[in-house]
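This report concerns only the one structure given below.
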Amino acid sequence: MNNPLVINIQKCSIHDGPGIRTTIFFKGCPLKCTWCHNPESQKYTKEVLYNQEKCTQCNSCMNNCPNHAIYKENNRIYLHKEKCEFCETCLDYCLNNAREIVGKTYTVNQLVHEIEKDMIFYEESNGGVTLSGGEVMTSDIFFIKQILKSCKDKGIHTTIDTCGFTSFENFKEILPYTDLFLYDVKLIDNEKHLLVTDVDNKLILDNLERLSKEDVSITIRIPLIEGVNVDKDNTEIIKIIQFLLPLNIKHINLLPYHDIGVYKYTKLNKEYYGTEFKAPSEEKLKEISSLFENNHFITKIGG
Ligand code: SF4
Ligand code: SF4
């Protein structure tokens, strides 16, 4: 069993399923959504983040890196990624906390222990744990299953937040221990899907059809982005509704686009290609919400 890397353990989350939750974000995702607001979650390996705004150019990290992985060019600090061994020495030498390593390994017991700490909040709010990412369904599924099973044994509600791009066997493996799936649907048009996520959507939609036949709750989460799936005539939204109508699914969360994660691209020395994307207007959001409601979906704006 491989212990996957964890990016973050978010306590008291209220956007990742019912009640107050602990959300664990696992690192690594097979999709590369152009609008991704967690670019540090895409790679399956550790990464170094560098915050140029905090950096005073003291050179301390560069002078002390045992692998000579850090260099300077035009008053900016860069990393030879292939030389870095994530020893964390540069973090110790940076007095301004301008450097950070994303990706930490935990055992199942350590994660369950973290989850258990907030038991009182789950009980008070009908909350629980949400395993998210990245794409949690592409982490070692037996590791994920053990966390879910342990939580179920302790009476903790379990949610999986997924883009659906994984083998259906992985879903089968965790089904008995999962109370709710938050399942992303971005586009039905496969060409567009490929263009903005880097993967074909056939597997995602096939898995959703199969999952909807199982005895499990599913909430569909749809990012709403002008320039991706929102237009004047609601073409893609209507396609999504038509796809969902025959399935045993009632709950829809509409997630308006935001760009609050764009600053992370600079920290990773990556370019953000979604600058043309926009959130729909309030009026458009209401229009889309009504389209779902008129088709008898229970619709919520937000997570
Ligand atoms: S983590 Fe270690 S190897 Fe990587 S840049 Fe920092 S000091 Fe160098
Ligand atoms: S140690 Fe920190 S402040 Fe100094 S150059 Fe490196 S990143 Fe910048």
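The values are calculated or read from the model by the stated rules, or taken from the named source; none is laboratory data. Just so you know, these numbers come straight off a predicted model, no measurement behind them. Quick reminder, even Gly has a Cβ in these numbers, built from the backbone with ideal geometry, and neighbours come from all protein chains shown. Areas reflect the complete protein model, heavy atoms only, side chains present, ligands, DNA and RNA absent. Shrake-Rupley method; radii C 1.70, N 1.55, O 1.52, S 1.80 Å.
Given the rule -39500 (n - 2.57) for each run of at least 4 DSSP H residues, summed and divided by the residues of the chain, what is its mean residue ellipticity at 222 nm, to the nearest 500 deg cm²/dmol?
Values: 11 runs with 92 residues, N = 303.
Result for the chain: -8500 deg cm²/dmol, rounded to the nearest 500.
As a test of reading the structure, rank Tyr122, Tyr93 by solvent-accessible area (1.4 Å probe, protein chains only), most first. Can you show the working numbers first?
Working: Tyr122 10, Tyr93 100 Å².
These residues rank, largest area first, as Tyr93, Tyr122.
Can you tell which of Ile9, Gly274, Ile288 lies farthest toward the positive end of the dipole of the chain, using +1 and -1 charges on the Cβ of basic and acidic side chains (Lys, Arg; Asp, Glu)?
So the residue we want is Ile9.
Give the accessible surface of the chain per residue, rounded to a whole number of Å², with probe radius 1.4 Å and ligands, DNA and RNA excluded. Mind showing how you got there, number by number?
Numbers: 15010 Å² over 303 residues.
Accessible surface, normalised per residue, equals 50 Å².
If you take the Cα Rg of segment 47-102 and divide it by 2.2 N^0.38 Å, with N the number of residues, what do you get?
Values: Rg = 9.9 Å, N = 56, 2.2 N^0.38 = 10.2 Å.
Scaled against compact globular proteins, the figure is 0.97.
Could you give me the ³J(HN,Hα) list for segment 16-26, computed from phi with Karplus coefficients 6.51, -1.76, 1.60 and θ = phi - 60°, whole Hz, x at Gly and Pro?
3J(HN,Hα) across segment 16-26, in whole Hz: 10, x, x, x, 8, 10, 9, 10, 10, 9, 8.
Placing unit charges on C-beta atoms (Lys and Arg positive, Asp and Glu negative, everything else neutral), compute the dipole magnitude of segment 47-102 about its Cα centre in debye, rounded to 20.
On the way: 6 positive and 8 negative charges, 40 e Å.
Roughly 200 debye for segment 47-102.
Mind listing which trypsin sites (Lys or Arg not before Pro) in segment 135-222 are in a DSSP loop and have 15 or fewer other Cβ atoms within 10 Å?
Values: sites: Lys145, Lys149, Lys152, Lys154, Lys172, Lys186, Lys192, Lys202, Arg210, Lys213, Arg221; in loops: Lys154, Lys186, Lys213.
Sites meeting the loop and neighbour criteria: Lys154, Lys213.
At q = 0.06, 0.11, 0.16 Å⁻¹, what log₁₀ I(q)/I(0) does a Debye calculation on the Cα points of the chain give, no solvent, two decimals?
These q points yield log10 I(q)/I(0) values of -0.22, -0.73, -1.33.
Keeping the other protein chains in place, figure out the carbon and sulfur percent of the accessible area of the chain, with a 1.4 Å probe. Before the final figure, lay out the partial values.
Numbers: 7300 of 15010 Å².
About 49 percent, which is the carbon plus sulfur part of the accessible surface.
Quick one: which residues, 5 or more positions from Ile70 or on another chain, have an amide H under 5 Å from its amide H? H modelled 1.01 Å from N in the peptide plane, none for Pro or chain starts.
His80
Among Lys250, Lys232, Lys104, which one shows the biggest mean-square fluctuation in a GNM of the chain, springs joining Cα atoms closer than 10 Å?
In this elastic network of the chain, the residue with the biggest mean-square fluctuation among Lys250, Lys232, Lys104 is Lys232.
Using only the heavy atoms of the protein chains and a 1.4 Å probe, how would Asp16, Asp92, Asp233 rank by accessible area, largest first? All intermediate terms of the calculation are to be shown ahead of the outcome.
On the way: Asp16 20, Asp92 120, Asp233 100 Å².
Descending accessible area places them as Asp92, Asp233, Asp16.
Students sometimes get this wrong: rank Glu293, Glu191, Glu40 by accessible area, probe 1.4 Å, all chains present, largest first. Kindly include the intermediate steps, with their values, before the conclusion.
Working: Glu293 90, Glu191 155, Glu40 20 Å².
So, going from the largest accessible area down, we get Glu191, Glu293, Glu40.
Taking the Cα centre of the chain as the origin, how large is its charge dipole in debye, to the nearest 20, when only Lys and Arg (+1) and Asp and Glu (-1) carry charge on their Cβ atoms? Could you put the intermediate results ahead of the total?
Details: 35 positive and 42 negative charges, 102 e Å.
Around 500 debye, computed over the chain.
Would you count, across segment 71-175, every pair of lysines whose alpha carbons are under 23 angstrom apart, provided the pair is eight or more residues apart or spans two chains?
Value for segment 71-175: 16.
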